[in-house]
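Before any comments, here is the structure.
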Amino acid sequence: MDISVVIPLLNEDESLQELFGWIARVMQSNSYEYEVIFIDDGSTDNSWKIIEQLSSAHKEVKGIRFQRNYGKSQALDAGFELAQGKVVITMDADLQDNPEEIPELFNLITVEDYDLISGWKKKRYDNVITKNLPSKLFNAAARKTSGLKLHDFNCGLKAYKNIVVKTVKVSGEMHRYIPVLAKNEGFTKIGEKVVQHQARKYGVTKFGMDRFINGFLDLITISFLSKFGKRPMHFFGLWGSMVFAVGFLAAAYIGFMKLYKLSQGIKAILVTNNPWFYIALIAMVIGTQLFLAGFLGELLIKSKSSEKHYSIKEKLNF
């Protein structure tokens, strides 16, 4: 199979038939063998009924229905697991991503051998204050932190080699950082393509301003995980040992000075009356806690399970 199109959605019943028709025309005009995987992330409208109708009429349409709303990352992870195409393309269901971009994205992966191509909506039709400006700040921070020179990390239109989506595990709200996750897994040939941004035709956006706050918090998380995710002891153990050593040496010095003064007949205050003793004690306690955090992190990594953080209610055409 040439292409798998993975489409996560939440309450997009008005756009689904039009979107699939558009995708089908592009695929047929280029003679691609393809599948379209819709992941219904707990919709409360008629989205699943539309997917059922499409899957009954077209063998290329496949559906996954979540038990409830879990989030875009979980929806993408479920689609990635079942995608069979040698190139996997993701897009949003709101018609803001243009399916006409698919052939060029496909060629960049198959002909130019990119691991991942991320779309860049250079010209946007969103509100400048609530979306465009925060998006620019967010992307600038992501570029600085990750080292990837991408302009639009959050663009839903991306293309991947199949091996990339089978390797990368997307959870939480990490869908924004799939290129970073891919880079951390060793897929270094990551490119960018300017894509056309369509104005929203139906409904309203499902994301508010809080996505940028969550995005920055996730950026900090992934920055840490990229360096110490597999060996947390290298971070917590190092700092824990250093802080404990400082506290221990300070306490030893206080004790030594106390004994020295007593041996010389010099009047000395009680150790428990010395404020530096408590500072040293706190340093040793904090150092021990940091070391234990690293140790527990190592145990969790070695014993972590592969359980999915979502529940699938129904599948179609799989």
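In this structure L137 has an accessible area near 110 Å², from a 1.4 Å probe over the protein heavy atoms.
Largest first, the residues Y278, Y310 sort by 1.4 Å accessible area into Y278, Y310.
Which of the residue pairs K169/K193; K49/K122; K122/K166; K122/K149; K136/K193 have a Cα-Cα distance greater than 25 Å in the structure shown? From the list (K169/K193; K49/K122; K122/K166; K122/K149; K136/K193), the Cα-Cα distance tops 25 Å for K49/K122; K122/K166. Using a probe of 1.4 Å on the protein chains alone, the accessible area found for K149 is around 150 Å². Largest accessible area first, the residues M257, M242 order themselves as M242, M257 under a 1.4 Å probe with ligands, DNA and RNA left out.
Here the calculated FRET efficiency for L292 and K136, from their Cβ-Cβ distance with R0 = 30 Å, stands at 0.15, rounded to the nearest 0.05. Taking every protein chain into account, the 1.4 Å probe leaves E60 with about 40 Å² of accessible area, to the nearest ten.
The ellipsoid that matches the Cα gyration tensor of region 1-135 has semi-axes, each √(5λ) in whole angstrom, of 22, 21, 14, with the longest given first. Between N273 and E112, the contour length at 0.36 nm per residue exceeds the Cα-Cα span by 50.8 nm.
The values are calculated or read from the model by the stated rules, or taken from the named source; none is laboratory data. Worth saying up front: this structure is predicted, and the values here are computed from it rather than measured. No Cβ is skipped: glycine too gets one built from the backbone with ideal geometry, and neighbour counts run over all protein chains shown. The accessibility values were calculated without ligands, DNA or RNA, using every heavy atom of the protein model including side chains. Shrake-Rupley method; radii C 1.70, N 1.55, O 1.52, S 1.80 Å.
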